[in-house]
1. Just name the residue that is surrounded by the fewest Cβ atoms within 10 Å (Cβ to Cβ) out of those in segment 118-130 that are assigned to a helix (DSSP H, G or I), of a type outside the set (Phe, Trp, Tyr) and out of contact with any helix residue (DSSP H, G or I) (no Cβ under 6 Å at 6 or more places or on another chain).
2. Does segment 47-63 hold any residues that are surrounded by 14 or more Cβ atoms within 10 Å (Cβ to Cβ), part of a helix (DSSP H, G or I) and modelled with pLDDT under 85, and which are they?
3. Can you find a residue that is modelled with pLDDT of 75 or more, part of a loop (DSSP other than H, G, I, E, B) and surrounded by 15 or more Cβ atoms within 10 Å (Cβ to Cβ) anywhere in segment 12-33?
4. Residues in segment 191-220 that are closer than 13 Å to LEU287 by Cα and of a type in the set (D, E, K, R): how many?
5. When you scan segment 203-293 for helices (runs of 4 or more DSSP H) that lie fully inside it, which ones turn up with 1 or more residues that are crowded, with 21+ Cβ neighbours inside 10 Å and of a type in the set (D, E, K, R)?
6. Within segment 162-197, how many residues turn out to be of a type in the set (Val, Ile, Thr), assigned to a helix (DSSP H, G or I) and modelled with pLDDT of 85 or more?
7. Give the residue, chosen from ALA134, ALA200, ALA188, ALA148, that is closer than 28 Å to GLY90 by Cβ and either out of contact with any Pro (no Cβ under 9 Å at 6 or more places or on another chain) or surrounded by 12 or more Cβ atoms within 10 Å (Cβ to Cβ) (or both).
Amino acid sequence: MSSAALEAQLRAPRRSNKATFFWRFRQNKLAVMGLGIVVVLIFVAVFANFIAPTGYTEAVLSESRQFPSWSHWFGTDQIGRDYLSRSLFGIRTSIMVGFGVQLITLSIGFTLGALGGYLGGWVDMIVVRIIEVATGIPSLLVAMFLMAFLGHSTWSVIFALGITGWVVETRLTRGQFIAFRDREFVVAARAIGASELRIAIMHIFPNVIPVIAVLVAFQIPAAIFNEAGLSFLGLGIDEPTPSLGKMVSTSLAYVRTYWHMGLFPSVLIAFITLGFTFMGDGLRDALDPTMNR
């Protein structure tokens with residue numbers, strides 16, 4: 001590099017951390033596309049009542065199992081319900097499950113991980129033992145067991161998946177707090193008399209948020225996929241509430257002839273997964289300090 005180019009680079013204004021993050025994220029085309037998909041999905045979930053051509057319970061038996069047409073873009077199901085409307089409301093169910101499960105898992109996982117990672121000692125030992133026990137128990141099987149007692153409503157699925165899926169969040173949060181608790185800025189804050197609670201909340205917590213945000217972006221599609229799996233097995237959300245996984249499960253009896261009944265909900269599940277996965281990849285790359293500025 002020439003001296004003139006080096007001098008120009010040194011004089012160039014340095015981007016703030018926020019500006020650098022947005023610049024990196026925009027450079028990732030897949031991440032931008034994923035964000036666009038997620039925004040559209042959330043919009044559909046919120047305004048499904050206004051977007052859907054009919055209510056998800058409206059059925060016309062004389063129009064059962066129709067193929068896609070101008071009057072029913074996604075066709076109809078086995079009792080004559082508009083499949084496009086059912087799919088749009090199914091997206092709402094999936095989005096509710098994804099975010100609801102993450103709210104529960106973060107509440108449990110972040111609390112346990114922060115306590116164990118920051119306090120250490122016997123508290124950390126208890127947290128580690130809890131993680132080891134929870135890791136040895138198949139979370140999906142426990143969720144299926146809980147569904148037998150809680151019923152098959154949307155909130156039951158959210159609770160069952162949330163109360164059994166916090167191990168990853170706990171491990172990550174614990175590791176982050178261990179990594180930051182002895183850093184120079186924490187030691188300096190402790191030296192000037194800051195309380196342990198203030199150090200944890202004001203100094204360590206902001207540094208953990210980016211990593212947690214990336215994890216949430218990846219865990220939301222995992223929760224949606226687990227809900228679809230439960231519904232596919234007949235252990236998920238009961239009628240009349242639509243669920244994409246349940247729609248795929250129901251279509252198995254007809255899919256050889258009525259291909260649309262399995263195709264559209266499967267494609268929507270794939271879009272939801274891809275959208276959040278691409279966005280998570282973009283967040284991870286944009287927040288990586290080793291990336292070139």
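The values are calculated or read from the model by the stated rules, or taken from the named source; none is laboratory data. Here the structure is a predicted model, which is why all the values come from computation and not from measurement. Here the Cβ positions follow ideal geometry from the backbone for every residue, glycine too, while neighbour counts run over all protein chains shown.
1. Here the residue is GLY121.
2. Hit for segment 47-63 is GLU63, nothing else.
3. The initial filter retains those residues of segment 12-33 that are modelled with pLDDT of 75 or more, namely 19-20, 22-33.
Within this subset, residues satisfying the condition of being part of a loop (DSSP other than H, G, I, E, B) are 28.
Pick out the ones that are also surrounded by 15 or more Cβ atoms within 10 Å (Cβ to Cβ) and you get 28.
Yes, some residue in segment 12-33 is modelled with pLDDT of 75 or more, part of a loop (DSSP other than H, G, I, E, B) and surrounded by 15 or more Cβ atoms within 10 Å (Cβ to Cβ).
4. 0
5. Details: elements: 205-232, 244-251, 260-286.
The qualifying helices (runs of 4 or more DSSP H) are 205-232, 244-251.
6. Residues of segment 162-197 that are of a type in the set (Val, Ile, Thr), as a first pass: 163-164, 167-168, 170, 173, 178, 186-187, 192.
From the residues that got through so far, the ones that are assigned to a helix (DSSP H, G or I) too are 163, 167-168, 170, 173, 178, 186-187.
Still in the running and modelled with pLDDT of 85 or more: 163, 167-168, 170, 173, 178.
Final tally of qualifying residues: 6.
7. It is ALA148.
So that you can scan it fast, the table gives a plain yes or no per residue for (1) surrounded by 19 or more Cβ atoms within 10 Å (Cβ to Cβ); (2) part of a loop (DSSP other than H, G, I, E, B); (3) free of Cβ contacts under 8 Å to residues at least 24 places away in the same chain; (4) not aromatic (Phe, Trp, Tyr):
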| residue | (1), (2), (3), (4) |
| --- | --- |
| HIS72 | yes, yes, yes, yes |
| SER85 | yes, no, no, yes |
| PHE89 | yes, no, no, no |
| SER94 | yes, no, no, yes |
| GLY100 | yes, no, no, yes |
| LEU103 | no, no, no, yes |
| GLY116 | yes, no, no, yes |
